[in-house]
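Worksheet: one structure, shown below.
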Amino acid sequence: MRYADATVEVRPTTGDGPGPVIFHRRQTVGWPVRLEATSPAGDRVVLRPLTAEDEPAYLTLRRENAAWLAPWDATQPNPAEPGRTYTQMLRTVDEEADAGRALPFGIEVGGSLAGQVNLSNIVMGSFRSCNAGYWIARAVAGRGVMPTALAAAADHAFFTVGLHRLEVNIRPENAASLAVVRKLGLRDEGIRERYLHIAGSWCDHRSFAVTVEELDGGRLADRLTAPNTP
């Protein structure tokens, strides 16, 4: 679960009123959660936590989209290191979410699993920032599903969790992913050299970001329908 910065004072009740503070309990906010939105093409898009029951659909989806996703998927620098199973992946994202370091969503389109959007490396305090990563099945690409999902996740992070900044890093050759951030008007911050290991080498990425102040009191999802997206 996501945790707020505030703590709750827990005091035993006595006949003379509240007793001394004996411990503090952190308040949970923002996770787990189910988010719903409608894409510009009219698709019903749902963001929700993945579960163990999603494993067959998830593995089928990844297998069917292997060629579509392989050029952009992160890889291990050590080729001898084994890949994670679905169970291991799920355990990791659940632990990150429980620690308040991630918001790991599965994406449903029309009731079927279609991808993921993960807000990771969440840091609160004076930073209040995160990184966003995402993928979508080729069958629903180009219909505005991914911008809709990313906007929904970002708005939840900004206005429920209390983050200030969201960053997305994309390979310059990944035209489909670049289209997502450009539809949402994210600010281009330039190239990060050798940023992430992909397909056997350290690859440059282009960095995009948005802060809550740039939304001028609105939401990131508003940019999908605005006539003049920044």
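The values are calculated or read from the model by the stated rules, or taken from the named source; none is laboratory data. Predicted model only: the values in this text are computed from it and were never measured. Note that we place each Cβ from the backbone using ideal geometry, even for glycine, and neighbour counts take in every protein chain shown.
Values as computed for the structure displayed
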{"item": "Where Gly162 falls short, out of the listed (1) closer than 17 Å to Tyr134 by Cβ; (2) of a type in the set (Gly, Ala, Ser); (3) touching a residue at least 60 places away in the same chain (Cβ under 8 Å)", "result": "(1)"}
{"item": "Residue check for Ala132: under 22 Å from Trp72 (Cβ atoms), surrounded by 22 or more Cβ atoms within 10 Å (Cβ to Cβ) and either in the same structural domain as Phe158 (by TED's automatic domain parsing) or not polar (S, T, N, Q) (or both)", "result": "yes"}
{"item": "Residue check, Glu96 surrounded by fewer than 19 Cβ atoms within 10 Å (Cβ to Cβ), under 14 Å from the mean Cα position of the chain (by Cα) and farther than 24 Å from Gly200 by Cβ", "result": "yes"}
{"item": "Near pairs, Cβ below 7 angstrom, 6+ apart or cross-chain, from segment 198-214 (in contact (Cβ under 8 Å) with a residue 12 or more places away in the chain) to any residue that is aromatic (Phe, Trp, Tyr) and part of a helix (DSSP H, G or I)", "result": "Val212/Phe158"}
{"item": "Ala137 without any contact (Cβ under 8 Å) to a residue 60 or more places away in the chain and small (Gly, Ala, Ser)", "result": "no"}
{"item": "Segment 102-129: number of residues that are among the β-branched types (Val, Ile, Thr), in contact with a Lys or Arg (Cβ under 9 Å, 6 or more places away or on another chain) and crowded, with 18+ Cβ neighbours inside 10 Å", "result": "3"}
{"item": "Residue in segment 179-188 that is in the same structural domain as Phe158 (by TED's automatic domain parsing), among the aliphatic types (A, V, I, L, M), closer than 24 Å to His156 by Cα and surrounded by fewer than 18 Cβ atoms within 10 Å (Cβ to Cβ) present", "result": "yes"}
{"item": "Residue match in segment 164-171 (condition: in contact with a strand residue (DSSP E or B) (Cβ under 8 Å, 6 or more places away or on another chain), of a type in the set (A, V, I, L, M), modelled with pLDDT of 95 or more and not in a strand (DSSP E or B))", "result": "no"}
